[in-house]
1. Tell me which of these Ser260 doesn't satisfy, since it passes every other one: (1) out of contact with any helix residue (DSSP H, G or I) (no Cβ under 7 Å at 6 or more places or on another chain); (2) not assigned by TED's automatic domain parsing to the domain that holds Glu142.
2. Could you list all residues from region 201-253 that are among the polar types (S, T, N, Q) and under 30 Å from Cys96 (Cα atoms)?
3. It is to be established whether one or more residues within region 201-213 are under 25 Å from Ala61 (Cα atoms) and outside the structural domain of Ala47 (by TED's automatic domain parsing).
4. Could you check region 55-91 and list, in sequence order, the residues that are hydrophobic (A, V, I, L, M, F, W, C), within 22 Å of Leu238 (Cβ to Cβ) and not in a loop (DSSP other than H, G, I, E, B)?
5. Among the numbered criteria (1) within 19 Å of the chain's Cα centre (by Cα); (2) part of a helix (DSSP H, G or I), which single criterion is violated by Glu203?
6. Within region 97-104, does at least one residue satisfy the condition of being within 30 Å of Glu216 (Cα to Cα), of a type in the set (Ser, Thr, Tyr) and modelled with pLDDT of 95 or more?
7. Return the total of residues in region 9-50 being at pLDDT 80 or above, in a loop (DSSP other than H, G, I, E, B) and either of a type in the set (A, V, I, L, M, F, W, C) or under 14 Å from the mean Cα position of the chain (by Cα) (or both).
8. Taking region 92-126 on its own, how many of its residues are surrounded by fewer than 19 Cβ atoms within 10 Å (Cβ to Cβ), within 18 Å of Leu42 (Cα to Cα) and touching a strand residue (DSSP E or B) at 6+ places or on another chain (Cβ under 8 Å)?
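The values are calculated or read from the model by the stated rules, or taken from the named source; none is laboratory data. Nothing here was measured: the structure is a model prediction, and the numbers come from that model. Here Cβ is always computed from backbone atoms with ideal geometry, including for glycine, and neighbour counts include all displayed protein chains.
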Amino acid sequence: MGMNGGKQQLPSCWQYQESPPTIQCLIEKALTRITKLDRKQLHLVGAGRTDAGVHAWGQVAHFITPFNYDCLESIHAALNGLLPSEIRVREISPACPEFHARFSTISKLYHYKIYNGLIMDPFQSRYAYHSGYKLNPVVMREAASYFVGRHDFTSFANVSHSDGLVNPVKEIFQFHVKEMDHVFQIEVEGTGFLYRQVALLIEIGREVLPPVVVREILAARNRRELAKFAMSAPPHGLCLMSVNYSDDILKAPAGCPASSFGRLQTASKCRLPFY
């Protein structure tokens, strides 16, 4: 799915709430109209929660129906016809009974954009955080390298937020800092993502803190260690780019209809990559 949860838009991405309506709520309402099933029967499940203001080019969800579809293009067209322009279903595919949008996940890829110019580009303002301070990419890359690997991220937990970290141990497979003119793009692939990783990286890029502080904060395993530094990374710079699964779990059972990619614009258990 493609979901634009930016400022002045929908209040939250993947969490059911009717007033004001969240993205999940709007998708469920569209599905109930099309399938004539209630939300408890559909059991729509997303790959993970994303907060208000976050964008998602590659969110994935699944739902269940008691019947099969011969063709998925009609339901695909109907869904996009009922959804507001900020939400689009890019693909609908049949899935095996074992597939679970959340628990079958291997990794997720996130991008966080920082506009590092003196004057903010208005065309970037809804999708990038503006840092008027000149950032040092060399120290940011060094700091990012300390995140790679399997770590206990207790120090980065925010108990008042959605990242309460029931399991604080996460693995980061890659953590890159790329420069594109005035834009710094932070690319993180791993089993989890925490805003405060990026917030700390920004402070290091401003040369307020040394890169080695990442290792020290991780080793402390104490939220108070990170709380010593005032920092924030607003959600609108973040985008969930993709949710990754093994090839085996993505194989559809024999006899299922072909996936729909919106060329015209249906599944006992249907996998929806939402953008």
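1. (1)
2. Matches in region 201-253: Ser242, Asn244, Ser246.
3. no
4. Passing the criteria: Ala56, Val60, Ala61, Ile87, Val89.
5. So Glu203 meets the others, but not (1).
6. no
7. Within region 9-50, residues that are at pLDDT 80 or above, in a loop (DSSP other than H, G, I, E, B) and either of a type in the set (A, V, I, L, M, F, W, C) or under 14 Å from the mean Cα position of the chain (by Cα) (or both) number 5.
8. 4
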